[in-house]
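Peer 1: This is the structure I have questions about; it appears just below.
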Amino acid sequence: MLYFVQQLANGITLGSIYALIAIGYTLVYGILGMINFAHGEIYMIGAYLGIITIGLAAVFGISSTPVALFLALLVAVVVTAAYGWTMERIAYRPLRRAPRLSPLISAIGMSLFFQNAVQLAQGAKDLALPPLLPGGFVFLADSRLPIQVSYVQAILVAVTVTVMAGLGLFIRLTRTGMAMRALEQDQVMAALLGVDVDRTIGQTFILGSALAALAGVLVSLHYGLVNFSIGFLAGIKAFTAAVLGGIGSVPGAMLGGVFLGLIEAMTSAYLSTELKDVFSFGILALVLIVRPTGILGRPHMEKV
Amino acid sequence: MAGRPSRCRALATALRDALWLGLLASPLVAFDLVPGYERQPRLHWQLDDLGIIVAGVFLARLAVLVAGCHHLGLRLSQLTSHGRQRLARAWQQGRRWPALTLTVLFGLAAAFPFAPFVSRTAIDVATLAGIYVVLGLGLNIVVGLAGLLDLGYVAFYAVGAYGYGLLYQYCDWSFWMALPVCGLAAGLAGLVLGFPVLRLKGDYLAIVTLGFGEIIRIVLNNWDSLTNGPNGIMGIPRPSLFGLEMSRVARDGGHTFHQFFGLDYDAGHRLIFLYLLVLGLMAGTMLVVERLKESRLGRAWVAMREDEIACAAMGIDTTLTKLAAFGLGAAWAGLAGAVYAARQGFVNPESFTFIESATILAIVVLGGMGSTAGVTCAALAVVIIPELVRELAGFRMLIFAAVMVGLMIVKPEGLLPARRRIYDLHPDDRRSLEQDRQSLAEVHRQ
C-alpha cells in the first residue's frame, strides 16, 4: 500500500511534466490543426537553457540557490518562447495554406534541425547538473517503506497546478485568450471580426514554448541530466497525453498527462520498466478505439 | 534608381534576421562551461562559431531577399522558365512514349553497376536508395493515395526484416522462400493494425500508428529469447541466384556463383546482384502501384482521400478500401524489409526507429503525394544526397533538416505533384467545353 502511494507520487510528478508539455501540443493543434513535432525539442532546449543559466550564475558568483533557480526559469522561459515564436515564423507561417501534411514535414525537419544543432553546439554527452535542492519530505519515516517526496517533486507539482490554473484563467478572461478560442472555432470568421490571426498564432506558440521550457528546467532539476535526444520521447509522450485527454482541450491535456504519468509509474513499478511504453501506447490505442476523440474531447461533428 | 531603397531594405532585413537568430543561438553556441576543480565552472568563449552563424544567416537571407526582388530575380526566373520549358518539353516527349522512356531509364539503371567509374560503395548506396524507393511507393499507397496518415510505417519494414531473419535462424529458410512470406506477414500485420483503427480519423490515426511502430520496436528490443534483444540477428545469408550462392565458399551441398561460371571470386558480384534484385523489385512495385492507381480500388482510395462521406455515399465500402490500403502498403514494406535484411546481413531494433518512419513519410511528401515519379526522385535524393556530403559529418543531418524545411516552404506540394488523371473527352466535347469556358470568362470580365 505504501509502495503504491510512493508510486502515486512519482506518477503525478511525471504526469505534471507531460501535462506541461502537452499544453503546447494541444493549443497549437486546436488552432492550426497540425502536430508540432518540434515541440519536444523546444522542451529540450528549455532544459539546456536552464542548466546553462545555472552554470552561468555560478560563474558570476550568484551562490543563492533560489536566485539562481529563479534566473534559470526566467531565462529559459523567455528565450525558449522566442525560439517557439521564431520557429513558427520560419517554418510554419509560410505554410498556412499548404496541403495538410506539408507543415508536418516542416515540423519534423525543425525537430531534426534542433536536435542536431544542439548536439553540435553542446556535445552528444549528457550534461549534468549538481543537485541544487537536495532532500525532501519524508512521510512515515519510521515505517518499513517511508514515502519520499523530494523538494523538486513538490515544486514541480505545485508549479504545474499553479500554471494550469493561471492558464485556464488566461484563456477564459484575457483578450488574447479570447482570440485564441475564437481562432480555434473558426479562423476566417475570427479574422473578419478583427482578430489578428498571425499575431495570435505567434502568441500561442510563445505560450506553449514557455510552458515547455518550464517543464524542461524542472525536469533537469529532477533528474539532474540533460541530453540532446530527450525531447523526442518526451514529446511523443506529451502528444499522447494530449490525445488521450482530447486534443484541443486544455483540461484534457492536464488530465491526459497525469493519467499517462500514473500508467507509466504503475507499469514500471509492478510489471516491467522496459515495457512501460508498450503499455502507455497500448492504453492510448484502447482509449481512442473506445472513444475516438479522447477523454474530454468534444465529439467531432461531421458537417456535410 | 528604383532598386536602391529596396536593396537597402533587404540589407536591413537580412541584418535584423541574422542578429535575431544569432541572439537566439548565443546561449547554446557562444560559450562553453568548463567544469572547474571546485564546484564553480569556468567560462570559455567561442565567439567565432557565433560569428560564422550570424554571417551565414546574413548572407543566405540576403541572397533569398535579393533573388526575390527585381533584376536578379527576373533574370533568374527567365533562366529557370527557359529551363523549365525545356524540361516540360522533354517531359511531354517522355509522356508520349512512357514505355520507351521507362525502358531506357531502367536500362541505364541496370547498366549502372557495370560502368567503369562506379565504386562498390556507389552500388551499395544505390541499392539502399532502391529499397527506399520501394518503401516510399508503399507508404504512398497509404498516405498519398488513400490519405491515411501513417507514422508507424517502419513497423512493417521491421516485420519484413525480422521475418527473414527469424525464418533463417529458426527454420533455415532461404531468401527466396522467405521473401513472399515476409510480404504476406507484413500485409497481415497491416490488416491487424488496420482493423482497430478504422474508426480513427486524421491525426488520431497518426498517433496510434506511431505508437504501434514504437511498440514493435520495444518488443523486438526486449523479447530476448526470440529476437536476441538489442543485439539483433547476425549472419543472415545473402540471396542466391537459382541456388548459386554469392559467397566465397558455398555452404555444404551448394555451389557458388563464381565457380559455376568459372569466374574469379569478387565481392562486387554480390553487390551487383543485390542491386539488380532491388531494381527488379522497384520496377515491380512501380508497375503494380501505377496499375493500382488506375484501378477501381485506386480510384476509390483517391475518392476516400478527398471526401470520405461523399465516397461512402457513392457506394464505396470505405472499410474494405481502408483495409486494402493498409494491407497493400504494409506488404511492400515487408518485401523491402526482407531485402534490407539480406543487404545488411544482420538486423537489430536500432534500424527501425521513428526517424525511419519520418524519413519515409518525408519522401512521400517531398516527392508529391500520390505521384510515383515524384516519390521515386525524392527517395533517391533523400538517400543519395546525405551520402554525397559525408565529409560534413555532423553537419550532414543539420543540412538535411534545413533542406527539408526549405523545400516544404518553397514547394509545399512536393517536387513533382501528382496530376489528376483527366479522363479523355471526345475532341468535339473538348472544343465546346473550351468555348463555354471562354464565354464564361467574358461574362466575368464584364
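Peer 1: Select from A:Tyr48, B:Thr376, A:Val250 the residue farthest towards the positive end of the dipole of the protein assembly as shown; place +1 on Cβ of Lys and Arg, -1 on Cβ of Asp and Glu, and compute about the Cα centre.
Peer 2: So the residue furthest toward the plus end is B:Thr376.
Peer 1: What dipole magnitude, in Debye to the nearest 20, does region B:268-360 give about its Cα centre under +1 on Lys/Arg Cβ and -1 on Asp/Glu Cβ? Please list the in-between numbers first.
Peer 2: Working: 8 positive and 8 negative charges, 67 e Å.
Magnitude of the dipole: close to 320 debye.
Peer 1: How much accessible area per residue does region A:1-126 have, counting only protein heavy atoms and a probe of 1.4 Å, in square angstrom?
Peer 2: Working: 4160 Å² over 126 residues.
For region A:1-126, the per-residue accessible area is 33 Å².
Peer 1: Right, something else. In square angstrom and rounded to 100, what buried accessible area do you get between chains B and A, total over both, with the probe at 1.4 Å? All intermediate terms of the calculation are to be shown ahead of the outcome.
Peer 2: Numbers: alone 26790 and 15370 Å², together 37020 Å².
The B and A chains share an interface burying roughly 5100 Å².
Peer 1: Here is a follow-up. Averaged over its residues, how many other protein chain Cβ atoms are within 10 Å of peptide B:191-203's Cβ atoms? Could you put the intermediate results ahead of the total?
Peer 2: Details: counts 0, 0, 1, 0, 1, 4, 4, 1, 5, 5, 4, 4, 9.
Mean partner-chain Cβ count within 10 Å for B:191-203: 3.
Peer 1: Roughly how many nanometres apart are two label points built 7 Å out from the Cα toward the Cβ at B:Thr121 and A:Met189?
Peer 2: 6.0
Peer 1: Also, I was wondering about something else. With a 1.4 Å probe and all protein chains left in place, how much of the accessible area of region A:105-221 comes from carbon and sulfur atoms, in whole percent?
Peer 2: Numbers: 3690 of 5810 Å².
Here carbon and sulfur together make up 64 percent of the probe-accessible area.
Peer 1: I would also like to ask the following. Leaving out same-chain residues fewer than 8 places away, which lysines sit with a Cα under 19 Å from that of B:Lys322?
Peer 2: B:Lys201, B:Lys293
Peer 1: Whole Å is fine, so just give me how far the alpha carbon centre of region A:28-81 lies from that of region B:119-189.
Peer 2: Value for the Cα centre distance between the two parts: 41 Å.
Peer 1: May I ask which residue of A:Met178, A:Gly84, A:Gly166 lies farthest towards the positive end of the charge dipole of chain A, with charges of +1 (Lys, Arg) and -1 (Asp, Glu) on Cβ and the Cα centre as origin?
Peer 2: The residue sitting farthest along the positive end of the dipole is A:Met178.
Peer 1: When all C-alpha to C-alpha distances in the protein assembly as shown are sorted into bins of 10 Å, what percent of pairs does each bin hold, rounded to whole numbers?
Peer 2: The distribution over the protein assembly as shown is 3, 12, 21, 24, 20, 13, 5, 2, 0, 0, given as percents.
Peer 1: Suppose every K and R has +1 on its Cβ and every D and E has -1 on its Cβ; what is the size of the dipole of the protein assembly as shown about the Cα centre, in Debye to the nearest 20?
Peer 2: On the way: 54 positive and 44 negative charges, 397 e Å.
I would put it at about 1900 debye.
Peer 1: Which whole number gives the average, over all residues in B:411-418, of C-beta atoms from other chains lying within 10 Å of the residue C-beta? Walk me through the intermediate numbers first.
Peer 2: On the way: counts 2, 11, 3, 4, 0, 0, 1, 0.
Per residue, the number of nearby Cβ atoms from other chains is 3 on average.
Peer 1: OK, next. Please give the FRET efficiency for A:Arg93 paired with B:Arg89, using the beta carbon to beta carbon distance and R0 = 35 Å, rounded to the nearest 0.05.
Peer 2: Numbers: r = 36 Å, r/R0 = 1.03.
Approximately 0.45, to the nearest 0.05.
Peer 1: Per residue, how much accessible surface does region B:96-243 expose to a 1.4 Å probe? Answer in Å², no decimals.
Peer 2: Working: 6180 Å² over 148 residues.
Accessible area per residue, region B:96-243: 42 Å².
Peer 1: With the dipole of the protein assembly as shown worked out from charges on the C-beta (+1 for Lys and Arg, -1 for Asp and Glu) around the Cα centre, which of B:Leu105, A:Met1, A:Ile35 lies farthest toward the positive end?
Peer 2: B:Leu105
Peer 1: As an exercise, use a Förster radius of 30 Å and the Cβ-Cβ distance of B:Ala60 and B:Cys8 to find the FRET efficiency, rounded to the nearest 0.05. Intermediate results must be reported in sequence, preceding the final value.
Peer 2: Working: r = 19 Å, r/R0 = 0.62.
After rounding, the FRET efficiency stands at 0.95.
Peer 1: Additional query: For B:Val389 and B:Leu287 in one chain, what is 0.36 nm times their gap in residues minus the Cα-Cα distance, to one decimal in nm?
Peer 2: Values: separation 102, 0.36 × 102 = 36.72 nm, distance 3.22 nm.
Stretched out fully, the B:Val389 to B:Leu287 stretch lengthens by 33.5 nm.
Peer 1: Next question, about the same structure. List the pair-distance distribution P(r) of region B:94-149, using every Cα-Cα distance, as the percent of pairs falling in each 10 Å bin from 0 up to the bin containing the longest distance, rounded to whole percents.
Peer 2: For region B:94-149, the binned pair fractions read 21, 31, 35, 12, 1 percent.
The values are calculated or read from the model by the stated rules, or taken from the named source; none is laboratory data. On a predicted model such as this, the values are computed, not experimentally measured, just so you know. For neighbour counting, all protein chains shown are included, and Cβ atoms are generated from backbone atoms with ideal geometry for every residue, glycine included. Side chains are part of the model used for accessible areas, which takes the heavy atoms of the whole protein and leaves out ligands, DNA and RNA. Shrake-Rupley method; radii C 1.70, N 1.55, O 1.52, S 1.80 Å.
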